[in-house]
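Read-outs: derived from the displayed coordinates by stated rules, not from any lab. Given the structure is predicted, the values throughout are model-derived calculations rather than measurements. Note: ideal-geometry Cβ built from the backbone for every residue, glycine included; neighbour counts use all protein chains shown.
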Amino acid sequence: MKKYLIMLILLSLIAASGSAIVTKNEIKAGLSGTASFDLPGDRSGYLSFNSPELSYQFELKLNNNFFFLVNAKAGYFRNPDKRAEFSSFEWLNFSVLRWPEQDTDRFSFEAAPGLKARFGDFSAGFHFRHIYDHEIWYAAIDETTPLYPAGTGRTLDVITDYEYFDYGFNLSYGKDNYFIEAYLKDRYKSDYDTDFENSDKKETKQDKPNSTERTDYPFIYGIRGSYSMRVSENSEMNASVMFEMFEDNSDNYNNKLDTGLNYTASLSPVFSFSLGGTYEQYFYQYGKVTFPENADPEDPELEVLEGEDSFTCVKTFGNITYTPFTNFDVYLYSGYDAYFNTDDISDKISIGLGCDYTFDFASR
């Protein structure tokens, strides 16, 4: 990670040493807390907390058409959504796999330098992204060893380190109120290490970590578009649509269709609100290994059951934002996620409160 950060800094300095102009250079610091309730689910209620969460955006204009970009963020998260490398159905699978009744802490870092070329209303870009997560799941698993058999009170927590590397390309067109973008991404490396520690924190286990490396994942393809319309002097409506697809390692496809509508209005110079919703439809293939009926128990020939399935998610949300002074926002938000045609995912209600402040250092 250190070599990567040094390379990132050197690239920024080299790019800035010419006749470049810094058009964006800002840091956003934020705090937020969310109470979520599954209806019903493994967890009837749990609190998520992000503090502190820092994000950094940097844009350097190299000449009239080319830009150097850096996006980075870091933070501590209590009971976050499970990290996922990609979106679509794979993202949903990861995000709903919360460990029931136990808490999770995550320390996360992510950085993505890139280049962008702009020619009139068209632009094309490339990014390279690195993600590192350190997670502690307070699982309180009974330690079962000859020295400490089950029931002796010795319990273990799970420590997991994730590291991802991916890159992506995008091509977009935007004019007036319209915007459309096509993109592809590929994860070329993904590592994770799992270890355990004693829940009482009095000593650390010295077990050798279970290390796994995953590489050469297929591309993910997507296209999205949006249209915004001014409703009145102080309000506007935004509509969006997105379609995304990729194949997993078993050559099964995963597709997602996502449409959304959002309405934003300013009540006064310091108060604004937004209401919206999304309709998401997931289509996917699957393969399951089964034991056929009347199989020879000593030499069963396993069967692979293949099929297709789909399910729907409808999300509604609303938030009120208070801006007492420039660059500082306080917001109250709520949301409801409803799932149809699936028994594995529970509906969820979320209520949250947060604030953020943006430090702007750009020289234009």
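Distance between the 7 Å Cα→Cβ label points at Y188 and D360: 3.7 nm. Around the amide H of Q102, modelled in the peptide plane, lies no amide H under 5 Å away from a residue 5 or more places distant or on another chain.
Put a dot 7 Å past the Cα of A124, heading toward its Cβ, do the same for N341, and the two dots end up 3.8 nm apart. Greater than 24 Å separation of Cα atoms is the criterion. Which listed pairs, K61/K189; K28/K348; K175/K256; K61/K175; K28/K256; K24/K175, meet it? Among K61/K189; K28/K348; K175/K256; K61/K175; K28/K256; K24/K175, the Cα-Cα distance tops 24 Å for K61/K189; K28/K348; K175/K256; K28/K256. Compactness of the range 112-166 is given as radius of gyration and Dmax, 22.9, 71 Å, from Cα positions. Computing FRET efficiency as 1/(1 + (r/R0)^6) for T312 and N198, where r is the C-beta to C-beta distance and R0 is 35 Å, gives about 0.20.
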